[in-house]
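Okay, structure first, notes after.
Derivation of every value follows stated rules applied to the coordinates shown; laboratory data play no part. Since we're looking at a predicted model, the values are computed, not measured. Positions of Cβ are generated from backbone atoms using ideal geometry, with glycine treated the same way; all protein chains shown enter the neighbour counts.
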Amino acid sequence: MFGSLKALPADPILGLLAKYRKDDNPNKIDLGVGVYKDESGHTAVLNCVKKAEQHRIDTEDSKVYIGPTGSDLFNDEMAKLIFGDHKVLAENRARTISTPGGTGSLRVAAEFIKTCKPGATIWVSNPTWANHTGLFEAAGLTVKTYPYYDYENKNLDFDGMLAALKQVSSDDVVLLHACCHNPSGMDLNQEQWQQVADVAKSVGFTPLVDMAYQGFGAGLDEDAYGLRLMADSVKQMIVCSSCSKNFGLYRERIGGCTIIGESSISVDIAHSVLLSVVRVIYSMPPAHGAAIVETILSSEELRNEWYAELKEMRDRINGNRQLIVDKLVANGVTRDFSFITRQAGMFSFLGITPEQVQQLQDEYSIYMVGSSRMSIAGIANSNVDYLAESIAKVL
Ligand code: LMR
């Protein structure tokens with residue numbers, strides 16, 4: 001059976017990490033996979049997470065199954081984090097389940113959409129996270145793209161986006177990045193979110209909002225602004241969220257999938273379908289990450305500690321944006337890279353060619369995705385001079 005298989009290339013993002021780890025150049029820089037790193041290049045466990053984990057070790061008294069919804073406390077806390085005091089919670093129109101990370105959430109959402117409408121079309125931004133297309137196609141959805149990033153002007157192609165979304169069918173799903181657009185770092189402003197929400201309402205498509213970086217852009221509430229606006233306008237929507245980045249729980253695989261329905265009765269029906277989807281994929285989510293998150297969010301002390309740790313990560317990334325732009329100028333680069341400071345979150349496109357990206361990797365041990373997506377968190381005071389000098393050379 002396996003005889004007909006042909007080896008596939010490594011994943012464009014995760015494969016980079018394996019290469020980076022094998023590289024013995026002491027100056028190597030990892031700007032590949034989207035994980036937060038501190039000044040020393042380390043992805044540390046947050047202090048609030050350490051404390052919540054200790055609490056779990058001290059108090060957990062059973063490893064019995066938890067069921068396909070996961071933890072109710074985690075689900076409630078996640079819904080509040082996503083929606084704040086939005087009316088969808090008061091109206092009892094939202095249902096959240098715990099999922100194995102943001103990717104697990106997206107896959108469950110995709111299977112759920114397929115159950116609602118076999119062969120449904122999902123529109124994704126051009127560009128989008130490298131795994132979105134494969135993931136949706138693997139679930140049997142048809143993937144189409146709408147214009148999003150204007151590579152020439154390093155800006156949004158908002159007119160193109162809006163025009164494309166006006167043409168989609170009411171049966172289609174449109175994937176939107178809540179904040180910190182991956183890979184471009186280019187987000188919609190408040191007015192643009194309003195316009196997209198208006199189009200969603202008039203066309204009647206179902207928004208699927210991917211929120212993998214809540215708190216990494218401008219703040220927890222600020223990053224959920226567009227999504228909450230969207231929830232004001234549409235009757236139904238799906239939100240896939242992740243605790244990988246903002247809680248630093250990458251390997252614990254914890255996220256949430258939230259559906260909003262027209263009424264509490266219709267969302268209960270949809271929820272039952274969502275649970276049947278979960279049952280036939282992984283039966284139930286892992287419990288550990290959810291227990292950590294719910295402990296943090298339901299304790300005032302740990303929650304405040306988390307806010308502070310999250311702010312520290314956000315501020316460091318934002319500081320790195322200005323740092324690299326200044327260092328490029330200091331290295332005599334005349335091309336304008338100031339757009340990097342106008343973007344948000346973990347990523348920016350540097351806007352260099354695939355050959356230059358390869359040259360950075362081969363000659364300078366600097367690793368970024370082939371599209372020239374840089375994970376800004378990999379920049380540090382200790383490596384930024386070498387990075388800027390190397391970029392200046394390949395330019
Ligand atoms: C990324 O885009 O680098 C992250 O979301 C990690 C991943 O799974 O690709």
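Counted as qualifying within region 4-95 are the helices (runs of 4 or more DSSP H) with 3 or more residues that are of a type outside the set (A, V, I, L, M), namely 14-22, 47-59, 72-83.
Do we have Lys63 as exposed (fewer than 13 other Cβ atoms within 10 Å of the Cβ), over 20 Å from the mean Cα position of the chain (by Cα) and among the basic types (Lys, Arg) here?
Yes.
The helices (runs of 4 or more DSSP H) located wholly in region 278-395 that include 2 or more residues which are more than 21 Å from Ile13 (Cβ to Cβ), in contact with a helix residue (DSSP H, G or I) (Cβ under 9 Å, 6 or more places away or on another chain) and acidic (Asp, Glu) occupy 300-330, 384-394.
Residue-by-condition table, conditions (1) within 16 Å of the ligand (Cβ to nearest atom); (2) without any contact (Cβ under 8 Å) to a residue 12 or more places away in the chain; (3) surrounded by fewer than 19 Cβ atoms within 10 Å (Cβ to Cβ); (4) at positive phi:
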| position | (1), (2), (3), (4) |
| --- | --- |
| Phe347 | yes, no, no, no |
| Asp362 | no, yes, yes, no |
| Arg373 | yes, no, no, no |
| Ala377 | yes, no, no, no |
| Leu387 | no, no, no, no |
| Ala392 | no, no, yes, no |
| Leu395 | no, no, yes, no |
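Annotation note: Cβ proximity below 6 Å between a residue of region 130-142 that is part of a helix (DSSP H, G or I) and a residue that is within 13 Å of the ligand (Cβ to nearest atom) (sequence gap 6+ or interchain) occurs for Ala130/Pro12; Ala130/Ile13; Leu135/Leu106; Leu135/Arg107.
What residue, of Arg279, Arg251, is more than 20 Å from Ser125 (Cα to Cα), free of Cβ contacts under 8 Å to residues at least 12 places away in the same chain and charged (D, E, K, R)? Break it down stepwise before answering.
Details: Arg279 fails: free of Cβ contacts under 8 Å to residues at least 12 places away in the same chain.
After ruling out the rest, the residue left standing is Arg251.
Filtered by the rule that a residue be closer than 19 Å to Gly102 by Cβ and more than 10 Å from the ligand (Cβ to nearest atom), region 4-36 gives a lone residue, Tyr36. Screening Glu137, Glu191 for residues that are over 28 Å from Thr103 (Cβ atoms) and away from the ligand (no atom under 16 Å from the Cβ) leaves exactly one candidate, Glu191.
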